[in-house]
Amino acid sequence: MKRVKIIANPNSGRGAALSKILELIELMSEDRYEIELLFTHEEGDGTRFAYDYSGEDFIICSGGDGTVNEVVNGMYLSGRDIPLGILQSGTVNDFANAQGLPTSPYAFYKIIKNYKTKTIDLGLAGDRAFINVAAGGMLTEIAYTVSAEKKASLGDMAYYLEGARVLLEEKIFKSKNSLNFHIESEEFTGTVEGLLFLITNSTSVGGFKKMAPLADISDGYLDVLIFKEIRISDVPELFASLMGGRHVDHNKVMYLKTKNIKISSDENLTIDVDGEKASTLPMTFKVLENKLKIIVP
């Protein structure tokens with residue numbers, strides 16, 4: 001009999017997580033799993049629940065990217081080598097979508113029964129682990145400003161629309177709004193003037209499924225994208241390139257793969273880690289190779 005700890009955000013996806021978890025528990029109880037169910041209510045609950053060990057053979061997390069990040073950090077800090085299953089129930093679920101993880105409890109249950117695992121890399125932003133992306137610069141506030149109603153009704157499109165609003169209303173195209181990113185890495189050292197940077201572990205970021213088309217969660221590298229200063233006339237072409245994953249060669253995008261990179265700026269920039277606010281620059285980002293087992297299709 002396997003023991004499983006389920007950590008769920010009951011408010012994720014406007015309550016979708018709760019109904020999904022109840023359906024999953026009903027399915028798993030038929031196979032006599034020993035189940036411990038824990039609901040997150042406050043910041044840090046997911047990390048604490050995942051860190052504390054109660055004899056479980058694996059952990060299931062149900063929620064959005066932020067909930068997954070908390071659980072991943074708890075598992076990373078604990079140092080235990082048990083697998084993580086992710087039942088997505090948030091709005092975007094970048095990492096889960098990139099790995100082809102199902103949204104339906106029944107499809108997820110079949111994956112759990114098959115119990116196939118894969119060892120993957122994590123990223124480390126300062127002292128905080130991330131499974132998908134760390135980001136800094138303009139537009140990174142979008143995840144916090146999109147309303148729950150828009151997220152639920154529009155999904156990925158809510159982020160695109162909010163991004164367009166920020167670009168236009170806040171006049172982000174003025175040169176004075178650009179930032180200086182001071183980069184130190186084996187692959188590149190220098191200053192890049194731009195809007196934002198992304199440090200990714202998987203291919204999907206912010207609903208763009210091919211944001212980091214060369215990324216691989218098990219290759220021992222992080223993929224770094226720096227979006228340089230752009231004009232409003234650049235937007236249609238760049239957006240089309242982003243949708244198709246062709247922006248890697250765009251003259252407004254710097255793309256590199258690295259194991260370790262330090263980024264600083266003249267501005268006091270807060271870093272977003274898997275959709276959650278972390279600390280500020282300067283910060284060192286590095287890959288944690290073969291750090292987490294996940295349950296995969």
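The values are calculated or read from the model by the stated rules, or taken from the named source; none is laboratory data. No experiment lies behind these values; they were computed from the predicted model shown. As a convention, Cβ positions derive from the backbone with ideal geometry for all residues, glycine included, and neighbour counts pool all protein chains shown. Ligands, DNA and RNA are excluded from the accessible area calculation, which covers all protein heavy atoms including side chains. Shrake-Rupley method; radii C 1.70, N 1.55, O 1.52, S 1.80 Å.
Against the test of being open to solvent by 20 Å² or more (accessible area, probe 1.4 Å), within 25 Å of residue 91 (Cβ to Cβ) and of a type in the set (Lys, Arg), the options 277, 293 yield a single qualifying residue, 277.
Taking region 186-204 only, how many residues are hydroxyl-bearing (Ser, Thr, Tyr) and either open to solvent by 20 Å² or more (accessible area, probe 1.4 Å) or more than 23 Å from the chain's Cα centre (by Cα) (or both)?
Residues flagged as hydroxyl-bearing (Ser, Thr, Tyr) and either open to solvent by 20 Å² or more (accessible area, probe 1.4 Å) or more than 23 Å from the chain's Cα centre (by Cα) (or both) within region 186-204 amount to 3.
Residues in region 77-92 that are closer than 13 Å to residue 7 by Cβ and assigned to a strand (DSSP E or B): 4 in all. Selection of region 239-255 for residues being in a helix (DSSP H, G or I) and either among the hydroxyl-bearing types (Ser, Thr, Tyr) or farther than 17 Å from residue 203 by Cα (or both) yields only 241. Within this structure, residue 54 fails the test of being in contact (Cβ under 8 Å) with a residue 12 or more places away in the chain, open to solvent by 10 Å² or more (accessible area, probe 1.4 Å) and either closer than 28 Å to residue 206 by Cα or touching a helix residue (DSSP H, G or I) at 6+ places or on another chain (Cβ under 6 Å) (or both). Scanning region 17-40 for residues that are out of contact with any strand residue (DSSP E or B) (no Cβ under 9 Å at 6 or more places or on another chain) and modelled with pLDDT under 95 yields 19, 22, 30, 31, 32. The residues of region 109-120 that are open to solvent by 60 Å² or more (accessible area, probe 1.4 Å) and not in a strand (DSSP E or B), listed by number, are 110, 113, 114, 115.
Scanning region 234-271 for residues that are under 21 Å from the mean Cα position of the chain (by Cα) and in contact (Cβ under 8 Å) with a residue 60 or more places away in the chain yields 254, 256, 257, 258, 259, 260, 261, 262, 263, 269, 270, 271. Exactly one residue out of 287, 235, 224 is outside any strand (DSSP E or B) and of a type in the set (A, V, I, L, M): that is 235. Taking the criterion of being open to solvent by 80 Å² or more (accessible area, probe 1.4 Å) and farther than 20 Å from residue 113 by Cα, the residues of region 11-43 that qualify are 11, 14, 41, 42, 43. Restricting 123, 46, 66, 74 to those that are in contact with a Phe, Trp or Tyr (Cβ under 6 Å, 6 or more places away or on another chain), part of a helix (DSSP H, G or I) and open to solvent by less than 60 Å² (accessible area, probe 1.4 Å) reduces the list to 74. So which of 289, 237, 193 ends up being more than 16 Å from residue 122 (Cβ to Cβ), touching an Asp or Glu at 6+ places or on another chain (Cβ under 6 Å) and acidic (Asp, Glu)? Step by step, each of 289, 237, 193 is checked, and only 193 is more than 16 Å from residue 122 (Cβ to Cβ), touching an Asp or Glu at 6+ places or on another chain (Cβ under 6 Å) and acidic (Asp, Glu).
Across region 254-274, the qualifying residues are those that are in contact with a helix residue (DSSP H, G or I) (Cβ under 8 Å, 6 or more places away or on another chain) and buried (at least 19 other Cβ atoms within 10 Å of the Cβ), and the one among them that is farthest from residue 59 (Cα to Cα) is 272.
The set of residues in region 272-284 that are assigned to a strand (DSSP E or B) and either touching a residue at least 60 places away in the same chain (Cβ under 8 Å) or under 25 Å from residue 81 (Cβ atoms) (or both) comprises 272, 273, 276, 277, 278, 279, 283, 284.
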